[in-house]
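Structure first, commentary second.
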Amino acid sequence: MKRTLISLFSLLGLAMAVTSCQKDESVAKFSASMEPTLTQDGKTLLNGTGLEWISGDQIVVYGTAGGAIYTATPSTPATTATFDLVSGVTGDAPYTAFYPTEIATSANTITLSATQTSADGNLRAFPSVAVSNNEILNFKNLCGALRINLTKNGVSVKSIAVTADKVLNGDFMVTMNGDAPTISVAGNNTNTTTLVMEDAQNISNGHDFFVTMPHNMYRSVQVVITAEDGSVCTKTLKDGIGLNIYRSQTSDFVFGENDLDFVPGGVPTGALNGLFSVSATKQVYFSMGNLQYDGANDVWQFAAAQTEFLGAQNNNPTATSVIDLFGWGTSNYNGKAPYMTSTTGTDYGFGTNRNITATQYDWGVNNAIANGGNEANVWRTLTTQEWSYLLSGRTNATALRGIAKVDGVNGIVILPDMWTLPEGLTFNAGSSKTAGWNHNVYTAAEWAQMEAAGAAFLPCNGCRQGANFMLEETAHYWSVSSASAEKAAAFYFRANDILPVYAEAKWHGHAIRLVQDAE
């Protein structure tokens with residue numbers, strides 16, 4: 001049967017039938033009234049005009065004696081159903097009822113799951129509540145929804161993960177504002193909800209997918225669509241513009257054949273699992289650590305940990321040294337050796353006032369990174385505009401960076417666009433003139449949790465001027481952007497300050513943190 005979706009959610013009404021002043025708790029009868037619907041609920045076959053109860057549907061009803069679960073037992077889908085008591089005792093009014101029963105934790109609190117289930121593109125259950133002083137229970141939807149229409153020939157979708165800048169699931173308090181319920185955060189919440197298909201849904205001819213979301217104004221919403229073959233497509237729905245999700249309504253997004261590019265699934269080899277916006281239209285993965293060059297074996301590699309830096313090993317580098325500080329554009333291309341110590345700026349990169357963006361002078365473009373996929377032209381260095389956007393231009397940019405000490409190493413923490421702080425940890429944005437590097441302090445175990453959530457850490461690893469290494473209380477990370485024949489742009493921070501990108505002598509040895517574009 002073809003299913004048609006229209007433009008308002010269903011709000012179920014239930015009436016408990018009684019035959020005398022003494023309630024019969026063993027059998028409770030309900031009649032259901034229907035309002036215009038936006039979508040079928042997955043448990044219905046009413047062709048988009050309303051919802052019907054089917055056998056096995058359950059509600060939980062709280063009264064003066066506690067909570068009880070009732071099960072619907074219609075022989076066919078129907079707007080009126082008999083509900084048989086399964087367990088518990090309800091008692092007298094006032095009543096609060098929830099559907100589905102899994103969301104209920106008490107008479108005034110719910111838990112929205114981080115996983116939602118879709119059957120044939122429709123949600124299995126749309127969370128709803130009914131509050132009444134008598135036995136007529138009019139169910140109201142607790143959330144709104146995101147409707148995502150996808151079309152891509154030959155692709156079947158198995159899951160869609162939605163991440164936002166505000167909480168999407170976890171514990172909520174439920175209150176009634178007149179006829180309409182509202183929910184407010186009560187704790188243990190996260191910002192990502194994943195819609196899982198019971199059977200992978202082919203989108204060759206277009207398909208609707210629905211994800212329930214609490215009513216809110218979201219400033220950043222991202223979806224990661226995973227196909228049956230494991231390939232993924234990442235789309236940013238809103239970035240700083242604002243997306244309103246209203247209770248009992250949908251916000252619609254349509255992505256056609258040319259909008260969806262699926263790439264092999266998973267985080268790239270050698271990358272952190274967070275996504276970082278470096279422009280209004282581009283996100284990147286950070287490498288797992290700073291770039292290193294092993295001269296004796298002619299191998300480029302990433303540091304094994306984000307906190308790792310080689311320090312004094314950069315002093316008087318030779319062709320056989322292992323180093324992690326480099327003059328600008330010293331990718332081993334066109335004679336620009338990574339261990340160069342010339343103090344003449346025009347010896348580096350192009351040698352004139354030209355950027356090295358997308359050229360072989362970029363370390364990631366020219367070289368295969370052994371523990372980063374081992375292919376050239378996969379990684380790259382950020383431009384000065386991208387460093388600036390990351391640190392100051394993206395949504396909540398200044399709240400997503402902070403000076404820190406990680407496992408005893410000084411540096412800066414940069415958080416991904418969609419960030420959920422691990423439970424039990426804290427994060428202080430920015431810097432502190434009094435606390436300095438101790439503005440944030442993490443043990444190795446605590447940092448492991450932060451890193452698993454996608455956080456990047458750039459260590460303060462000093463610099464090299466000519467052949468001389470200096471362990472300064474500052475850190476410098478190159479961009480690919482030239483400022484003049486003698487200088488190029490670098491990102492700079494210190495214990496009590498996070499500074500904008502600035503011009504630095506090209507013959508100084510600075511750190512490289514490569515990125516990979518997320519397509």
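The values are calculated or read from the model by the stated rules, or taken from the named source; none is laboratory data. Small disclaimer: the values here were computed from a predicted structure and weren't measured. Quick reminder, even Gly has a Cβ in these numbers, built from the backbone with ideal geometry, and neighbours come from all protein chains shown. For the accessible areas, the whole protein counts, side chains as well, though only heavy atoms, and no ligand, DNA or RNA atoms are used. Shrake-Rupley method; radii C 1.70, N 1.55, O 1.52, S 1.80 Å.
Key figures for this structure:
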| quantity | calculated |
| --- | --- |
| Single match in 464, 494 (criterion: among the basic types (Lys, Arg) and either within 29 Å of residue 368 (Cβ to Cβ) or in contact (Cβ under 8 Å) with a residue 40 or more places away in the chain (or both)) | 464 |
| Matching residues in the range 347-391 - criterion: being open to solvent by 20 Å² or more (accessible area, probe 1.4 Å), under 15 Å from residue 270 (Cα atoms) and assigned to a loop (DSSP other than H, G, I, E, B) | 368, 370, 371, 373, 374, 375, 376, 377, 378 |
| Residue match in the range 124-132 (condition: within 29 Å of residue 63 (Cβ to Cβ), in a loop (DSSP other than H, G, I, E, B), open to solvent by less than 20 Å² (accessible area, probe 1.4 Å) and not aliphatic (A, V, I, L, M)) | yes |
| In the range 149-172, the residues that are in a strand (DSSP E or B) and either of a type in the set (Val, Ile, Thr) or in contact with a His (Cβ under 8 Å, 6 or more places away or on another chain) (or both) | 149, 150, 157, 160, 162, 163 |
| Count - residues of the range 438-455 that are surrounded by 16 or more Cβ atoms within 10 Å (Cβ to Cβ) and either touching a residue at least 40 places away in the same chain (Cβ under 8 Å) or within 15 Å of the chain's Cα centre (by Cα) (or both) | 6 |
| Complete set of residues in the range 217-269 that are open to solvent by 70 Å² or more (accessible area, probe 1.4 Å), within 17 Å of residue 201 (Cβ to Cβ) and assigned to a strand (DSSP E or B) | 254 |
| Out of 312, 319, 304, sole residue that is more than 20 Å from residue 456 (Cα to Cα) and either hydroxyl-bearing (Ser, Thr, Tyr) or assigned to a loop (DSSP other than H, G, I, E, B) (or both) | 319 |
| Looking only at the range 470-484, and only at residues there that are part of a strand (DSSP E or B) and within 25 Å of residue 322 (Cα to Cα), the one that is farthest from the chain's Cα centre (by Cα) | 470 |
| Of residues in the range 485-505 being part of a loop (DSSP other than H, G, I, E, B) and within 19 Å of residue 331 (Cα to Cα), the one least open to solvent (accessible area, probe 1.4 Å) | 485 |
| Candidates 64, 105, 82, filtered to the one that is under 24 Å from residue 192 (Cβ atoms) and open to solvent by 30 Å² or more (accessible area, probe 1.4 Å) | 105 |
| Yes/no for residue 280 being loosely packed, with under 14 Cβ neighbours inside 10 Å and in contact (Cβ under 8 Å) with a residue 12 or more places away in the chain | yes |
| Test: residue in the range 141-148 that is open to solvent by 50 Å² or more (accessible area, probe 1.4 Å), part of a strand (DSSP E or B) and at pLDDT below 90 | no |
